[in-house]
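The values are calculated or read from the model by the stated rules, or taken from the named source; none is laboratory data. Bear in mind that the values here come from a model prediction, so they are computed numbers and not experimental data. Here Cβ is always computed from backbone atoms with ideal geometry, including for glycine, and neighbour counts include all displayed protein chains. Note: areas computed on protein heavy atoms with side chains; ligands, DNA, RNA excluded. Shrake-Rupley method; radii C 1.70, N 1.55, O 1.52, S 1.80 Å.
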Amino acid sequence: MPDTLTMKDRMAMERVHMPELDAQTRSSNFEEVNRGLNLAQAVREAKRCIRCKTRPCVDGCPVGVSIPEFIDALAKEELSEAARILQVDNALPAVCGRVCPQESQCEAKCVRGVKGEAVAIGYLERFVADWAMANTNQLTAVKPPSSTGKSVAVVGCGPAGLTAAGELARQGHGVTIFEALHDTGGVLRYGIPEFRLPKQIIDVEVERLLDLGVRIECNVIIGKTLTLEQLRSQFDAVFIANGAGLPVMLNLPGENLKGVYSANEYLTRVNLMEAGRNPDAPTPIIKGASVAVIGGGNTAMDCVRTARRLGAERAMIIYRRSEAEMPARVEEIRHAKEEGVEFVMLTAPLEIIGSDDGWVAALLCEKMELGQADESGRRKPVPVPGSRYHMKVDVVVNAIGTRSNPLLTATAPDLELNKWGNIVGDGEGATSLTGVYAGGDIVRGGATVILAMGDGKRGAAAIDGYLKQYVFTGKGY
Ligand code: FAD
Ligand code: SF4
């Protein structure tokens, strides 16, 4: 298509569709569902962008990616330039292009969405990032910085920790990441399933960090193997990014029965330990013929779609509000439905009923209707009298939410926490302890990948400023 398109031509172009694996095939395997655009599709979609002067899409991006500029380079088929622009602001574009809720961020602000459909910014980001991963020889090599002689410990190897580590290493600081699990990536690896985010993408991003000289020590729990005070004495600064991986319990009778999992345990067994997917995996999982997943967010969708892939005949979402209130991404809900997941809406679980030998046998449920809006602004579910019933299930997965794990914070009494146990930050990452910074879910509570990355970036900038001031004045903590 010629690049002499008029505004009218651009406005007449329809949004591209993401090619997807057929629903029946994919619901019995873990292959990535979204297949990615080809060059012709990506370039055509890039030409739908009308290069607004006010660039509202950039305001919608938590890390401020230069969206019109990378899209413009893509439209001109200058792919290495598009990749360069993208990577300036986004350390994990191949991840964000797959899991960011663009429909409520950059794409929600896109002016093309006012009278039609927004430019598919997320699809284009993914296309450019994937091209860059496959064509590293065509990218401009980044000169390694000279060492500042300063060292930083990063706690946690999820998106916040990975981003902070990359930014700090590029400033020439010596960075060591301490990770409790035996592998890298945080939720990206143990939580988000392969069918949404192939693990090979995390491997490539981690490899890039190792090339920058970042050291990663797995199987080290800060608060158990080492304390925060030990890190403070061995490093010039610390960035805490240990996430919010502690499940919120259902507090229902029967929660201790065999066959009840927290979402994190369920997903970690399948994703990280390969339970149910690899016949040689030593970690077991109860697959279940009838699986009830309680919750309505992205985590619940990941669990229920995983249950389906493990062979559940009935894989159900049990949610006490209606679909309109569900926090999960629209695309996840659509994919789940196409894969045969049942949505049991306006239903609250009251009790998990066990068999004589202690296994899950049924869920006692109650129908709900929506009343007045509560403090969250969403209409409150109210029980419908006389509507209790039993649902036959053999696995229950609790996906109602997570909170911060107290392992680290319990051993750091001077670190200020809020009432939910999250570390209190100053907005730039500084905590109540000099030289200790924090970001991601440990500060925000369960949030998103891109917000965690934004925190990693801001925290790294604050640490860099702190270390430079430290060098300049000669004062430390
Ligand atoms: P994490 O990713 O949780 O990483 C923290 C790391 O710290 C972990 O590796 C953990 O093992 C390690 N750690 C914990 N304690 C210690 C310790 N004491 N010592 C050393 N290491 C420690 N967001 C989106 O934007 N899009 C999505 O589609 C999406 N889907 C999700 C699906 C699931 C199943 C879940 C659970 C979350 C999802 N999220 C999604 C949310 C997103 O993944 C998180 O907001 C994000 O990963 C937070 O990043 P983080 O770096 O703060 O923490
Ligand atoms: Fe392009 Fe939409 Fe951003 Fe405007 S708002 S520059 S059309 S992506």
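Every Cα-Cα pair in segment 169-224 was counted, and those over 15 Å apart are 54% of them.
How would you classify segment 179-334 from its alpha-carbon gyration tensor, with a ≥ b ≥ c the square roots of the eigenvalues: rounded for a/c under 1.5, else prolate if a/b is greater than b/c, otherwise oblate? Write out the running numbers ahead of the final one.
Details: a/c = 1.87, a/b = 1.71, b/c = 1.10.
Judged from the Cα gyration tensor, segment 179-334 comes out prolate (a/c at least 1.5, a/b above b/c).
Show me the ranking of peptides 409-415, 169-175 by mean Cβ neighbours inside 10 Å, starting with the highest. Intermediate values should be presented prior to the final figure.
Working: 409-415: 15.1, 169-175: 20.7.
Put in order of decreasing packing, that is 169-175, 409-415.
For segment 165-236 and segment 40-112, what is the separation of their Cα centres, given in Å? Here the two parts' Cα centres lie 27 Å apart.
Restricting the GluC sites (Glu not before Pro) of segment 304-368 to loop positions (DSSP other than H, G, I, E, B) with no more than 13 neighbouring Cβ atoms within 10 Å leaves E313.
Sparse packing (at most 10 other Cβ atoms within 10 Å of the Cβ) combined with a DSSP loop state is found for the following trypsin sites (Lys or Arg not before Pro) in segment 1-90: K53. Legend: residue pairs K47/K76; K150/K468; K8/K109; K53/K109; K199/K287, Cα-Cα distance threshold 18 Å; pairs beyond threshold, K8/K109; K199/K287. Under 5 Å between amide hydrogens, built in the peptide plane, is the criterion, and for L350 it picks out L364, C365, E366 among residues at least 5 positions away or on other chains. Relative to the current alpha-carbon distance between A410 and E78, full extension at 0.36 nm per residue lengthens the span by 114.4 nm. About the centre of its Cα atoms, the chain shows a dipole size close to 760 debye [charges on the beta carbon of Lys, Arg (+1) and Asp, Glu (-1) only; nearest 20 debye]. Let a ≥ b ≥ c be the square roots of the eigenvalues of the Cα gyration tensor of the chain; is it rounded (a/c under 1.5), or, if not, prolate (a/b larger than b/c) or oblate? Because a/c hits 1.5 or more and a/b fails to exceed b/c, the chain counts as oblate.
Kindly report the accessible area of the chain per residue (heavy atoms of protein chains, probe 1.4 Å, no ligands, DNA or RNA), in Å². Accessible area per residue, the chain: 45 Å². All Cα-Cα distances of segment 45-194, cut into 5 Å bins from zero to the largest, leave 2, 9, 16, 18, 18, 15, 12, 6, 3, 1, 0 percent in each bin in turn.
Sorting 196-202, 437-443, 290-296, 17-23 by their mean Cβ neighbour count within 10 Å, with the most densely packed peptide first, gives 437-443, 290-296, 196-202, 17-23.
The solvent-accessible area of S80, taken with every protein chain present and a 1.4 Å probe, is close to 50 Å².
Rounded to the nearest percent, how much of the accessible area of the chain (1.4 Å probe, protein heavy atoms only) is carbon and sulfur? Let's see the in-between values first.
Working: 11030 of 21380 Å².
The nonpolar share, carbon plus sulfur, comes to 52 percent.
Debye-formula intensities of segment 276-398, expressed as log10 I(q)/I(0) at q = 0.16 Å⁻¹, are -0.80 (one equal scatterer per alpha-carbon, no solvent). Dipole magnitude for segment 23-143: about 280 debye, using +1 per Lys or Arg Cβ and -1 per Asp or Glu Cβ, origin at the Cα centre.
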